[in-house]
Amino acid sequence: MGDDPASRVYVNNKKKACEELGIYSEEYALSEDTSEEELLKLIHTLNEKRDINGILVQLPVPKHINEETVINAISPKKDVDAFHPVNVGKIMVGNFDFVPCTPAGVMELIKESGIDVRGKECVVVGRSNIVGKPQAMLLLHQNGTVTICHSKTKNLKEKTKQADILVAAVGIPNFITGDMIKEGAVVIDVGINRMADKKLVGDVEFESAEKVASAITPVPGGVGPMTIAMLMKNTVKAAILQHELN
Ligand code: L34
């Protein structure tokens, strides 16, 4: 909804990924002033449509829309973002169908890099419902020792310095600097901050961080594309599950 330029880029990337994979997709670009009622009506229609297996409302939504109401309206079976409370609960329990795309992408990067999470000190900076909280849970499921830090955390540097695996998801450009990172740590940068000159910058100051990290993700070209890959994975899974259930 609306015309957030970042959302435009992300949604276009998602549509492109669908095309490349042969996943049928529909976009409903609703104007900024669309009512919540209208949005909910559309979601209900899509919930019932048999040829639609996944539904995603790109966030953020305009201020007059209650994000929670919208998320709750999506059928948990089609909730490829895994934002619905039913899916959030399943993630907490550890028996889940869908994994939220960004944290799932982070886990995939860790796995593909041959990094074992078991017993490692994992520090997640940021506690959003979309990234920080589910990220901590996924790391915990892999037997990491997880600390969640946020804006009220005291002595943040002391905490981040402990991390074998550091995930930055605060949304503040260059917030994590090299001096906050332990030698040899794995640093994963979830932040995508658009600077005045249009340049994309992560939450990690790459130049100082790469000198101490054993592995680090860039922005752009790091977690962002993984988010999209995981959305595709969830969508295929949704289709399989729905065909088995129907
Ligand atoms: N409902 N809302 C819902 N689901 C999501 O999973 C998202 N998210 C976040 C914002 N709102 C959402 C995304 O899709 C962030 N996000 C996202 C998706 C794709 C990319 C970044 C964030 C991405 O493609 N990043 C590219 C560069 C993009 C650019 O040029 O701006 C990269 O290389 O990081």
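The values are calculated or read from the model by the stated rules, or taken from the named source; none is laboratory data. Quantities reported herein were computed from a predicted structural model and do not represent experimental measurements. Because the Cβ atoms are built from the backbone with ideal geometry, glycine has one as well, and the counts that use them run over all protein chains shown. Protein only, heavy atoms only, side chains kept; ligands, DNA and RNA dropped before computing areas. Shrake-Rupley method; radii C 1.70, N 1.55, O 1.52, S 1.80 Å.
What the table below lists for this structure:
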item	result
Residue check, residue 88 without any contact (Cβ under 8 Å) to a residue 40 or more places away in the chain, buried (at least 18 other Cβ atoms within 10 Å of the Cβ) and hydrophobic (A, V, I, L, M, F, W, C)	no
Yes/no for residue 86 being over 16 Å from the mean Cα position of the chain (by Cα), closer than 24 Å to residue 148 by Cα and part of a helix (DSSP H, G or I)	yes
Condition broken by residue 198, with the remaining ones in (1) at pLDDT below 95; (2) within 19 Å of residue 6 (Cβ to Cβ); (3) away from the ligand (no atom under 15 Å from the Cβ) satisfied	(3)
Count - residues of region 176-205 that are in contact with a strand residue (DSSP E or B) (Cβ under 7 Å, 6 or more places away or on another chain) and not acidic (Asp, Glu)	16
Residue within region 18-40 that is polar (S, T, N, Q), touching a helix residue (DSSP H, G or I) at 6+ places or on another chain (Cβ under 7 Å), farther than 20 Å from residue 6 by Cα and open to solvent by less than 50 Å² (accessible area, probe 1.4 Å) present	no
Count of region 67-119 residues which are aromatic (Phe, Trp, Tyr) and either more than 11 Å from the ligand (Cβ to nearest atom) or touching a strand residue (DSSP E or B) at 6+ places or on another chain (Cβ under 9 Å) (or both)	2
Selection count where residues are surrounded by fewer than 16 Cβ atoms within 10 Å (Cβ to Cβ), within 8 Å of the ligand (Cβ to nearest atom) and over 13 Å from the mean Cα position of the chain (by Cα), scope region 219-243	2
Where residue 153 falls short, out of the listed (1) open to solvent by 30 Å² or more (accessible area, probe 1.4 Å); (2) assigned to a loop (DSSP other than H, G, I, E, B); (3) closer than 21 Å to residue 112 by Cα	(3)
Neighbours by Cβ (under 6 Å, 6+ apart or cross-chain): first from region 174-187, touching a residue at least 60 places away in the same chain (Cβ under 8 Å); second surrounded by fewer than 19 Cβ atoms within 10 Å (Cβ to Cβ)	186/115; 186/215
